[in-house]
Amino acid sequence: MQAHLILKDGTIFRGRAPLGFGGGGEAVFTTAMAGYQEILTDPSFAGQMVCMTFPEQGIYGIHADLNEAAHPWATGLLCRRLTFAPDHARSEGDLAGWLKRHRIPVMTDLDTRALTQHLRDQGAQPALIWTEADGGLEAGVAKAKALPDMTGQALCGEVSCRDRYELNPGGQFRVSVLDGGIKRSILDQLVGAGLHLEVFPWDTPATELTDKRFHGLFLSNGPGDPGALPGMQREVEACLGKLPIFGICLGHQLLGQAFGGRTFKLKFGHRGANQPVQDLATGRIEITAQNHGFAVDEASLPKEIVVTHKHLSDGTVEGLRHTQLPIFSLQHHPEASPGPHDAHPAFRRFVELMERHPR
């Protein structure tokens, strides 16, 4: 079926909708060359249509053990070509069929290079996959212009768990996990570090997260605008000084706000498995996996907060540490999935923090 990708700024790209239906969301791009299944099921992509810059998608099919959540959270896949006959011995199905079952729209035959350059120059923005069955282009352009921006959207409530649950009982340390949209691979890394996890919904109060049975608190990744989560920010602020804390991505941003800092929306964000980050203490360069559209404003941070990592492409904050309290955070994803494992030691660092600061 013929289709058009219509951006909020009125720019139109031609292509096809092979599944026969369209959809919408914030159009963003990722530079990862593989990992489409992990990307599409990452809750941090909720509300977003993902443009894959690598031209061919679906090559190795679908594998249940690659899911980061029970179902896809991205609202669309934008790509150049889609393979309907995957070539992998352990493939459990094709990407197109999997997306159709979950009602996730796809646009193919798209000039992804031109789209990526446009989003880079003009910024990530809402968009529609508009099929020929949806009506004339004028109607699509009008509908796209009315789409809400990502700024101001609080999406944690949509992707977080509904009820508390436990993993790895009997682990070395008992850790409360505030689930703003956590990836399965992050939970796997925390369990692999020997931790007993109690995972809580996004709106859990600080009194429960810092109960005396816990040795540490983990703040997860998640979608949307951290500035649209004042209640979550207040609860994180109430946890400061009570126990060791480690935050990733959204958790890092919430900590930045709880410290008294501000967050801001990046023009097109950092999404991919090849993002260069420097550890400022050691000078070591890590190639990292990232997925975020907001960042912490370094100039807004108080003096007791040290910036530990920076993105080498634009100098934005990638890590924080409190000088008096056992708290640290990373903007990038040390669990990768997909991506390199350069930042994996962060999970061991969290364990060492709890060893040095027993409750």
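Here are the numbers:
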| quantity | calculated |
| --- | --- |
| Hey, Gly247 modelled with pLDDT of 95 or more and either of a type in the set (Lys, Arg) or over 17 Å from the mean Cα position of the chain (by Cα) (or both) or not | no |
| Selection status of Leu229, in contact with a Gly (Cβ under 6 Å, 6 or more places away or on another chain) and either under 30 Å from Phe29 (Cβ atoms) or free of Cβ contacts under 8 Å to residues at least 24 places away in the same chain (or both) | no |
| Of the criteria (1) touching a residue at least 60 places away in the same chain (Cβ under 8 Å); (2) within 18 Å of the chain's Cα centre (by Cα); (3) surrounded by fewer than 23 Cβ atoms within 10 Å (Cβ to Cβ), which one Asn221 fails | (3) |
| Verdict on Glu56 being touching a residue at least 60 places away in the same chain (Cβ under 8 Å) and either out of contact with any Gly (no Cβ under 8 Å at 6 or more places or on another chain) or more than 23 Å from Pro340 (Cα to Cα) (or both) | no |
| Filter pass, Asp109 being in contact with a Lys or Arg (Cβ under 7 Å, 6 or more places away or on another chain), farther than 12 Å from Tyr36 by Cα and of a type in the set (Asp, Glu) | yes |
| Residue within region 323-346 that is among the hydrophobic types (A, V, I, L, M, F, W, C), within 25 Å of Leu209 (Cα to Cα) and within 14 Å of the chain's Cα centre (by Cα) present | yes |
| Any hit, region 180-193, residues being farther than 20 Å from Leu240 by Cβ, assigned to a strand (DSSP E or B) and not assigned by TED's automatic domain parsing to the domain that holds Ala70 | no |
| Hits in region 222-237 - residues which are under 20 Å from Phe350 (Cα atoms) and outside any loop (DSSP other than H, G, I, E, B) | Val236, Glu237 |
| Residues of region 204-221 that turn out to be out of contact with any Cys (no Cβ under 8 Å at 6 or more places or on another chain) and either not β-branched (Val, Ile, Thr) or not in a helix (DSSP H, G or I) (or both), as a count | 11 |
| Selection within region 14-32 - touching a Ser or Thr at 6+ places or on another chain (Cβ under 9 Å) and outside any loop (DSSP other than H, G, I, E, B) | Gly15, Arg16, Gly23, Gly24, Gly25, Glu26, Phe29, Thr30 |
| Selection count, region 33-50, where residues are crowded, with 23+ Cβ neighbours inside 10 Å and in a loop (DSSP other than H, G, I, E, B) | 1 |
| Candidate set: region 67-97, residues that are touching a residue at least 60 places away in the same chain (Cβ under 8 Å) and not in a loop (DSSP other than H, G, I, E, B); chosen: the one surrounded by the most Cβ atoms within 10 Å (Cβ to Cβ) | Leu78 |
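The values are calculated or read from the model by the stated rules, or taken from the named source; none is laboratory data. These figures come from a predicted structure and were not determined experimentally. Methodologically, a virtual Cβ is constructed for each residue, glycine included, from the backbone with ideal geometry; neighbour enumeration extends over all protein chains shown.
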